[in-house]
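Only one structure is covered here, and it is reproduced in the block below.
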Amino acid sequence: MKKFLSLPPEKQNKIVTAAMTLFGEVGYKKAYISEIASAAGISKALIFHYFASKKGLYAYLVYYTGKIVMTEAQHDRDTAGKDFFERALISIKFRLSLKNRYPAMNAFIDSVFNEDDDEVAADIERLLTIAKDMHASIDLLPGEEKLFKSGALPQHVIKLIDKYAEGIVSTFKPGDSIDEAVQEAAECIKILKSVL
């Protein structure tokens, strides 16, 4: 791992992006180191030299993803004093910004949620713990259920906003205007808030 981390950042990014892209497309079992190496423009032997195994590479990607998400979250998400709907919008903006800055990461994270290979289960559990902590930022705080009209079940509202966020993030392309996407999300959340 030390040898990988001593590479120039551009070369590290090329390897990470190639690996995230392939794992994101086909999952852990069907990803071949030779394909990752080819996409990164290096030899298969170098991947093993840097990470020792496919599992080592995958574990690094999980660690790297968690580190990026937590670092970005600390800088980009001031939710103190915000209500549920404001926090939901901040969460959407955060997810769009993350996808814009790290395009391959979104597909990789999605693939991690669907991965069932026991060989990487412990690594996945670490990332899922981070994701659950991140998702908790749009959970209801005590007393916020009063924000909803009678009959609106809070768990359904949370699920609805989460599914909406997944949709807007999945259709967002790197280079698209984050401000326009966030403005659209704000309008939709405003409508939800008025009817719920």
Could you grab me the full set of residues in the range 150-181 that are among the hydroxyl-bearing types (S, T, Y) and not in a loop (DSSP other than H, G, I, E, B)?
Y164, S170, T171
Of the conditions (1) under 23 Å from the mean Cα position of the chain (by Cα); (2) in contact (Cβ under 8 Å) with a residue 12 or more places away in the chain; (3) surrounded by 14 or more Cβ atoms within 10 Å (Cβ to Cβ), F48 clears all except one; give me its number.
(1)
Quick one: Q12 ticks every box in (1) assigned to a helix (DSSP H, G or I); (2) touching a residue at least 12 places away in the same chain (Cβ under 8 Å); (3) not charged (D, E, K, R) except a single one, so which number is it?
(2)
Within the range 90-119, track down each residue that is surrounded by fewer than 21 Cβ atoms within 10 Å (Cβ to Cβ), touching a Lys or Arg at 6+ places or on another chain (Cβ under 8 Å) and over 15 Å from A165 (Cα atoms).
D117, E119
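Here's the yes/no breakdown for (1) within 16 Å of the chain's Cα centre (by Cα); (2) touching a residue at least 12 places away in the same chain (Cβ under 8 Å):
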| position | (1), (2) |
| --- | --- |
| K146 | no, no |
| Q155 | no, no |
| A165 | yes, yes |
| A181 | no, yes |
Given the conditions (1) under 29 Å from M105 (Cβ atoms); (2) in contact with a helix residue (DSSP H, G or I) (Cβ under 9 Å, 6 or more places away or on another chain); (3) of a type outside the set (G, A, S); (4) modelled with pLDDT of 75 or more, report the number of the one that Q155 does not fulfil.
(2)
Would you check if V62 is among the β-branched types (V, I, T), assigned to a helix (DSSP H, G or I), touching a helix residue (DSSP H, G or I) at 6+ places or on another chain (Cβ under 7 Å) and at pLDDT 85 or above?
yes
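The values are calculated or read from the model by the stated rules, or taken from the named source; none is laboratory data. Remember, it's a predicted structure, so these values are computed and weren't measured experimentally. Backbone-built Cβ (ideal geometry, glycine too); neighbour counts: all protein chains shown.
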